[in-house]
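Chemist: The following block contains the structure, expressed as structure tokens.
The values are calculated or read from the model by the stated rules, or taken from the named source; none is laboratory data. Here the structure is a predicted model, which is why all the values come from computation and not from measurement. Methodologically, a virtual Cβ is constructed for each residue, glycine included, from the backbone with ideal geometry; neighbour enumeration extends over all protein chains shown.
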Number of protein chains: 2
Amino acid sequence: MASSGLQTKKRDNHNGHFVQPTNPNVATMQEDVLYHFHLSTSTHDLPAMFGDVKFVCVGGSPTRMEAFTKYMAKELGLDHPGAEYPNICVGTDRYVMFKVGPVLSVSHGIGIPSTSVMLHELIKLLYHARCSDVTVIRIGTSGGIGLEPGSVVVTRQAVDASFKPVFEQMVLGKRVVHRTHLDERLAQELMQCGADLREFPTVLGNTMCTSDFYEGQGRLDGALCSYSEKDKQEYLEAAHAAGIRNIEMESSVLAAMCGACGLQVAVVCVTLLNRLEGDQVNSPHEVLVEYQERPQRLVGHFIKKRLAAAGNPRDL
Amino acid sequence: MASSGLQTKKRDNHNGHFVQPTNPNVATMQEDVLYHFHLSTSTHDLPAMFGDVKFVCVGGSPTRMEAFTKYMAKELGLDHPGAEYPNICVGTDRYVMFKVGPVLSVSHGIGIPSTSVMLHELIKLLYHARCSDVTVIRIGTSGGIGLEPGSVVVTRQAVDASFKPVFEQMVLGKRVVHRTHLDERLAQELMQCGADLREFPTVLGNTMCTSDFYEGQGRLDGALCSYSEKDKQEYLEAAHAAGIRNIEMESSVLAAMCGACGLQVAVVCVTLLNRLEGDQVNSPHEVLVEYQERPQRLVGHFIKKRLAAAGNPRDL
């Protein structure tokens, strides 16, 4: 491992946008154990393993992130018979991580806390690996509001359950509120990719990020439910009037943390159902599987376009 | 499937404490798709599959929950050469579920939202299966405060980051606060099991439940950190003075939801480090693995004692 002093010097002499934790302590740590990845600066050569990463795609489901890696390998012409894409985090079962070329694929589980743990360690990993100009995209699933199931939503603003573009957390027992920030130009680029493909409806809209799938999203079918169907409908209609087109459970923390650390960030989720018409996810399995591939196809197209425009991935 | 009407009648005529969702809609649903378990009342005979469940053990890590099932099979004399314990939720990668005799073992991932999704579906599963007198125990890992690493904490009260015994959630955009409720007699029974075993220190203490592993727990080694070492130390010392002996990320939602639906509930976590002395989890892998087995051994002993006292598991 290069010393932190050397790393800082190298960063200052470079024109690219390096990934930079806002925590100054990270630069002075002798060893950094990324516990939930089962990686460490003292046992792994992170610059050699990850230095060329330009795109990080994240999603809740481990198998979906593995499937995305195989898909990207084919799309980038990096696949060959017998190729294997081993899970880099094989020493733990908390998250999975795969890499093909400049594309890193990481699972984050369900919800803000699971995603925040992963992001803390991902941002530190990209920093230790001296990565620059990294784009992070969540490819996920969601419930739609007023959209045909299978529609893909590119998020304009990640908002909370009160429709505000903020991420709230408790720090040392006190409530701290951060603005969520997604990259507007990146969202437009992704919308253009949807238009290029013409394979499924793609819309730009606000995404509501909640901390529960049932009561937190106004569902009537959870083990607990403290409101009426009328209350629910009014809430979802108010959300729609506020420009919200889908609901999921991770976008706000992604927007807040990545935005703070110099990463371009976007959220692309498919809608599995129209919440104005029901609560249960009961489409046939094969239909749901095809829906889940849509954000992957859109983001795959985006990555290929970016790489083609750059000519050389190293210049991205 | 028996109709909901029949189920209700049967429940009323029985002396046991049935698992009862507080949401009245569940009783009238024609089909209930437990989406994140990939189970449904129309495709699975839930009473036949789960009707005899008396103990549900939950924990973050899927492999730990599988290991616990194999351990319990041996302890209960239900293991035999070549025995397999298939993952009941094999159709999804969100959670895993294993069963041996009256013991169900389910993973919940990291954090309150991931746990709340699982609990909504678990409580409905136990209701549809007509289970009665069910005890739910979380067997997890945590950071200790002022304890020797490897100590096991049986939770007296699950408190939030302000040290209050509450679970706060957003419902239809409004803040709702629930009391957390853990069973005192059950905690005492578990403490007695620790004393019976004499294998590791077991203490009764309050457990702080946070929504982040880094800033949310006062760590200095995350990608973001907005406070000083002094601020951190003061916070952890105030937590210790409030009776808090460990910090994790799921206890409060477990206490609030299970308590509301007629389930006896407890939390038993091992501490992987002493947070008054550091932030990084950097003990050798084999030491951490042995620590993680301690709550399993304690709860395994508890289950055997309960079963022996009942004579017949059906009378529990």
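Chemist: Considering the range B:259-305 alone, what residues qualify as being in contact with a Ser or Thr (Cβ under 8 Å, 6 or more places away or on another chain) and in a helix (DSSP H, G or I)?
Modeler: Within the range B:259-305, B:259, B:260, B:291, B:292, B:298 qualify.
Chemist: Then there is this: Starting from the range B:201-230, keep only residues that are more than 29 Å from residue B:266 (Cβ to Cβ) and within 10 Å of another protein chain (Cβ to nearest Cβ), then list their pairs with residues that are assigned to a strand (DSSP E or B) and aliphatic (A, V, I, L, M) whose Cβ atoms are within a distance under 8 Å, requiring at least 6 positions of separation or different chains.
Modeler: B:226/A:171; B:226/A:176; B:227/A:171
Chemist: Since residue A:251 meets every condition but one in (1) surrounded by fewer than 24 Cβ atoms within 10 Å (Cβ to Cβ); (2) more than 28 Å from residue B:42 (Cα to Cα); (3) not hydrophobic (A, V, I, L, M, F, W, C), which condition does it not meet?
Modeler: Failed condition: (1).
Chemist: Here's something else I'd like to know. Could you tell me which residue of the range A:26-79 is farthest from the other protein chains (Cβ to nearest Cβ), considering only residues that are without any contact (Cβ under 8 Å) to a residue 12 or more places away in the chain and aliphatic (A, V, I, L, M)?
Modeler: That would be A:48.
Chemist: Another one. Give the residue that is nearest to residue A:288 (Cα to Cα), with candidates limited to residues of the range B:14-47 that are of a type in the set (Val, Ile, Thr) and touching a helix residue (DSSP H, G or I) at 6+ places or on another chain (Cβ under 9 Å).
Modeler: B:41
Chemist: Mind checking whether some residue in the range B:184-194 is more than 9 Å from chain A (Cβ to nearest Cβ), in a loop (DSSP other than H, G, I, E, B) and touching a Ser or Thr at 6+ places or on another chain (Cβ under 8 Å)?
Modeler: no
Chemist: What are the residues in the range B:169-183 that are within 30 Å of residue B:303 (Cβ to Cβ) and facing another protein chain (nearest Cβ under 10 Å), if any? Full working, then the answer.
Modeler: Here is the first cut: in the range B:169-183, the residues within 30 Å of residue B:303 (Cβ to Cβ) are B:178-183.
Within the range B:169-183, B:178 is the sole residue that qualifies.
Chemist: Related question: Tell me yes or no: at least one residue of the range B:161-168 is in contact (Cβ under 8 Å) with a residue 60 or more places away in the chain, over 30 Å from residue B:234 (Cβ atoms) and either within 10 Å of chain A (Cβ to nearest Cβ) or buried (at least 16 other Cβ atoms within 10 Å of the Cβ) (or both).
Modeler: No, the range B:161-168 contains no residue that is in contact (Cβ under 8 Å) with a residue 60 or more places away in the chain, over 30 Å from residue B:234 (Cβ atoms) and either within 10 Å of chain A (Cβ to nearest Cβ) or buried (at least 16 other Cβ atoms within 10 Å of the Cβ) (or both).
Chemist: Can you find a residue in the range A:99-108 that is within 14 Å of chain B (Cβ to nearest Cβ), closer than 19 Å to residue A:33 by Cα, surrounded by 24 or more Cβ atoms within 10 Å (Cβ to Cβ) and touching a residue at least 60 places away in the same chain (Cβ under 8 Å)?
Modeler: yes
Chemist: Next question, about the same structure. Among the residues of the range B:136-155, how many are surrounded by fewer than 24 Cβ atoms within 10 Å (Cβ to Cβ) and within 14 Å of the chain's Cα centre (by Cα)?
Modeler: 1
Chemist: Checking residue A:256 against (1) crowded, with 24+ Cβ neighbours inside 10 Å; (2) within 11 Å of another protein chain (Cβ to nearest Cβ); (3) outside any helix (DSSP H, G or I), only one condition comes out false. Which one?
Modeler: Just one mismatch for residue A:256, condition (3).
Chemist: Take the conditions more than 14 Å from chain A (Cβ to nearest Cβ), within 24 Å of residue A:66 (Cβ to Cβ) and out of contact with any helix residue (DSSP H, G or I) (no Cβ under 8 Å at 6 or more places or on another chain) and apply them to residue B:86. Does it pass?
Modeler: Details: more than 14 Å from chain A (Cβ to nearest Cβ): yes; within 24 Å of residue A:66 (Cβ to Cβ): yes; out of contact with any helix residue (DSSP H, G or I) (no Cβ under 8 Å at 6 or more places or on another chain): yes.
Yes, satisfied.
Chemist: If you take the residues in the range B:259-295 that are small (Gly, Ala, Ser) and either modelled with pLDDT of 95 or more or in contact with a Pro (Cβ under 6 Å, 6 or more places away or on another chain) (or both), which one is surrounded by the most Cβ atoms within 10 Å (Cβ to Cβ)?
Modeler: B:266
Chemist: Here's a follow-up. I'm checking my understanding of the structure. Among residues of the range B:49-98 that are of a type in the set (Val, Ile, Thr) and under 22 Å from residue A:89 (Cα atoms), which one is surrounded by the fewest Cβ atoms within 10 Å (Cβ to Cβ)?
Modeler: Of the residues in the range B:49-98, the ones of a type in the set (Val, Ile, Thr) are B:53, B:56, B:58, B:63, B:69, B:88, B:90, B:92, B:96.
Retained after the next criterion (residues that are under 22 Å from residue A:89 (Cα atoms)): B:63, B:90, B:92, B:96.
Values: B:63: 13, B:90: 10, B:92: 17, B:96: 23.
Among those that are of a type in the set (Val, Ile, Thr) and under 22 Å from residue A:89 (Cα atoms), it is B:90.
Chemist: Which of the residues belonging to the range A:212-243 are among the charged types (D, E, K, R) and part of a loop (DSSP other than H, G, I, E, B)?
Modeler: A:212, A:219, A:221
Chemist: A follow-up question, please. Restricting to the range A:268-298, give me the number of residues that are over 17 Å from residue A:213 (Cα atoms) and within 13 Å of chain B (Cβ to nearest Cβ). Explain how you work it out, then say what you get.
Modeler: Within the range A:268-298, the subset over 17 Å from residue A:213 (Cα atoms) is A:268, A:283-298.
Those left that are additionally within 13 Å of chain B (Cβ to nearest Cβ): A:283-286, A:288-289, A:292.
So the answer is 7.
Chemist: Also: Is it true that some residue in the range A:113-120 is facing chain B (nearest Cβ under 8 Å) and within 21 Å of residue B:35 (Cβ to Cβ)?
Modeler: Pass one, the range A:113-120, residues facing chain B (nearest Cβ under 8 Å): A:113-114, A:116-117, A:119-120.
Applying the additional criterion that residues be within 21 Å of residue B:35 (Cβ to Cβ) yields A:113-114.
Yes.
Chemist: Mind listing whichever residues of the range B:168-200 are closer than 19 Å to residue B:271 by Cα and touching a Phe, Trp or Tyr at 6+ places or on another chain (Cβ under 7 Å)?
Modeler: B:190, B:193
Chemist: Also, I was wondering about something else. For residue A:298, which of the numbered conditions (1) closer than 30 Å to residue A:167 by Cα; (2) modelled with pLDDT under 95; (3) hydrophobic (A, V, I, L, M, F, W, C) fails to hold?
Modeler: Against the list (1) closer than 30 Å to residue A:167 by Cα; (2) modelled with pLDDT under 95; (3) hydrophobic (A, V, I, L, M, F, W, C), residue A:298 comes up short only on (2).
Chemist: Here's something else I'd like to know. Please give the number of the condition residue B:136 fails out of (1) closer than 18 Å to residue B:266 by Cα; (2) away from chain A (no Cβ under 13 Å); (3) not hydroxyl-bearing (Ser, Thr, Tyr).
Modeler: Residue B:136 satisfies every listed condition except (2).
The rows are residues; the columns are (1) modelled with pLDDT of 95 or more; (2) over 30 Å from residue A:118 (Cβ atoms); (3) touching an Asp or Glu at 6+ places or on another chain (Cβ under 9 Å); (4) among the basic types (Lys, Arg).
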site: B:73; (1), (2), (3), (4): yes, yes, yes, no
site: B:84; (1), (2), (3), (4): no, yes, no, no
site: B:98; (1), (2), (3), (4): yes, no, yes, no
site: B:102; (1), (2), (3), (4): yes, yes, yes, no
site: B:107; (1), (2), (3), (4): yes, no, yes, no
site: B:136; (1), (2), (3), (4): yes, no, no, no
